[in-house]
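Here the structure comes first, spelled out in structure tokens, and everything after it is commentary.
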Amino acid sequence: MLILNERDILQAVTMNDVILAIEEAYVLYESNDFQMPLRNQMTDQDNTMLLMPCVAKDSTSLKIVHVFPNNHEYPVTQGVMMLNDRENGTIKGILNGTVLTGIRTGAIGGVTIKYLAPENAHSVGLIGTGFQGLHQLIAACTVRNIKDIYLYNRTSSKLPSFVQALRNQIAKEIEIHIVNSTSELVDQADIIVTATTSNSPVLPTIQNAFNGKLIIGIGSYQPQMREFSETIYNNLDFLYVDTLDAIHESGDVIDPIQHNWLVESQVISFSKVITQKIHPTFSEHRPTVFKSTGMALFDLVVANVIYEKALNQQIGQYVNL
């Protein structure tokens with residue numbers, strides 16, 4: 001089997017490769033050509049372990065993820081990915097699940113921007129400057145001509161190292177701005193990304209502040225977690241989600257339905273946008289909102305692409321168990 005560490009994965013694929021893989025996964029999701037049970041979650045105090053199996057194409061996969069929201073020296077999200085041959089069950093590869101999750105989640109945001117953001121969107125704001133947020137910005141800069149990035153993190157001590165890591169990944173002419181409040185970030189940015197595990201909204205409650213903007217929430221994956229404020233749902237036509245499981249998993253979908261800020265029929269699978277069954281229209285008079293909780297199908301398709309490209313480039317280490 002092939003072992004692929006972080007360096008191997010980042011050498012094998014570009015962000016654009018991963019974005020194309022995410023689009024492929026959406027097509028599979030819309031055609032229902034996969035098997036994927038609801039992911040199993042187990043909590044230990046503030047921490048969570050997730051088991052994410054899937055069967056699709058010529059592979060089966062299992063990703064094991066640990067989420068430790070209080071981590072400071074290590075990534076909040078860490079994991080390992082096992083990729084197997086669907087025909088005979090042999091292990092094809094074991095991949096670093098931390099970087100896999102980071103780049104595939106970043107690519108989910110990138111695909112969203114590609115299809116929902118206006119062509120003239122040139123600024124992006126990020127709330128939550130962790131490992132996930134880094135890849136969100138790399139993906140944003142891949143699909144749009146981003147000129148300005150706005151950063152907010154409640155722990156300001158994390159910002160210098162994040163800015164340095166980001167500088168190494170984006171064009172040098174892109175301006176990076178650190179803001180003092182989420183209100184300032186919302187005011188300045190065309191595209192707003194939230195990448196936190198907060199249990200209370202991180203976006204401000206300001207009427208009409210989000211009109212004409214694209215909002216991408218990637219952090220809340222449990223019912224008690226919520227990043228979006230109530231005002232997000234004002235004048236909203238649809239709430240786009242990467243998987244309809246979000247209706248039962250994320251507080252950003254559960255709460256607005258329970259409070260009648262949104263009806264379930266307004267929650268739309270983004271796969272219908274990718275397959276052109278729905279054609280979104282941008283408006284200056286309302287926000288455009290996307291919510292991601294992630295799914296194992298993304299991991300399998302992206303892992304397949306990484307594995308095949310690593311094989312072709314002779315990247316990684318072979319191990320016999």
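The values are calculated or read from the model by the stated rules, or taken from the named source; none is laboratory data. Keep in mind the model is a prediction, meaning the values are calculated, not measured. Virtual Cβ from ideal backbone geometry, glycine too; neighbours counted across all protein chains shown. With ligands, DNA and RNA removed, areas are computed over all heavy atoms of the protein, side chains included. Shrake-Rupley method; radii C 1.70, N 1.55, O 1.52, S 1.80 Å.
Rounded to the nearest Hz, the phi-derived 3J(HN,Hα) couplings of the stretch 32-49 under the Karplus curve 6.51 cos²θ - 1.76 cosθ + 1.60 (θ = phi - 60°) are 6, 9, 6, 10, 7, x, 4, 5, 8, 10, 10, 9, 9, 6, 7, 9, 9, 10, where x marks glycine and proline. Taking the alpha carbon gyration tensor of the stretch 205-284, multiplying each eigenvalue by 5 and rooting it gives semi-axes of 18, 17, 11 Å, largest first.
For q = 0.24, 0.25 Å⁻¹, what log10 I(q)/I(0) does the stretch 1-88 give under the Debye formula with an equal point scatterer on each alpha carbon and no solvent? Rounded to two decimals, the profile gives -1.32, -1.31.
Ellipticity at 222 nm from helices only: DSSP H runs of n ≥ 4 in the chain, each -39500 (n - 2.57), divided by the residue count, give -10000 deg cm²/dmol.
Based on protein heavy atoms only, the chain ends up with 44 Å² per residue of surface accessible to a 1.4 Å probe. Ligands, DNA and RNA left out, the accessible area of the chain computed with a 1.4 Å probe is 47% carbon and sulfur.
To the nearest ten degrees, helix 97-116 and the longest principal axis of the Cα atoms of the chain are 50 degrees apart.
For the chain, the Kirkwood estimate of the hydrodynamic radius, built from every pair of different alpha carbons, is 19.7 Å.
When GluC sites (Glu not before Pro) are flagged only if DSSP places them in a loop and at most 12 other Cβ atoms lie within 10 Å, the longest unflagged stretch of the chain comes out as 174-283. Note that the stretch 3-12 has calculated 3J(HN,Hα) couplings of 9, 10, 8, 4, 4, 4, 5, 5, 7, 6 Hz, one per residue in order, obtained from phi through the Karplus relation 6.51 cos²θ - 1.76 cosθ + 1.60 (θ = phi - 60°); glycine and proline are x. Applying both filters, DSSP loop and at most 14 other Cβ atoms within 10 Å, to the trypsin sites (Lys or Arg not before Pro) of the stretch 215-318 gives LYS277. Computed 3J(HN,Hα) for the stretch 235-251, one whole-Hz value per residue from the Karplus formula 6.51 cos²θ - 1.76 cosθ + 1.60 where θ = phi - 60°, is 6, 7, 8, 10, 10, 7, 10, 6, 9, 5, 4, 4, 4, 10, 9, 9, x, glycine and proline marked x. Can you tally the net charge around SER229? Count Lys and Arg as +1, Asp and Glu as -1, for every other residue whose Cβ sits under 11 Å from the Cβ of SER229. Result for the neighbourhood of SER229: -3.
Each other residue within a Cβ distance under 13 Å of HIS248 adds +1 if Lys or Arg and -1 if Asp or Glu, for a net charge of -3. Overall shape of the stretch 102-243 was characterised from the C-alpha gyration tensor. The equivalent ellipsoid obtained from it has semi-axes of 21, 17, 15 Å, in decreasing order.
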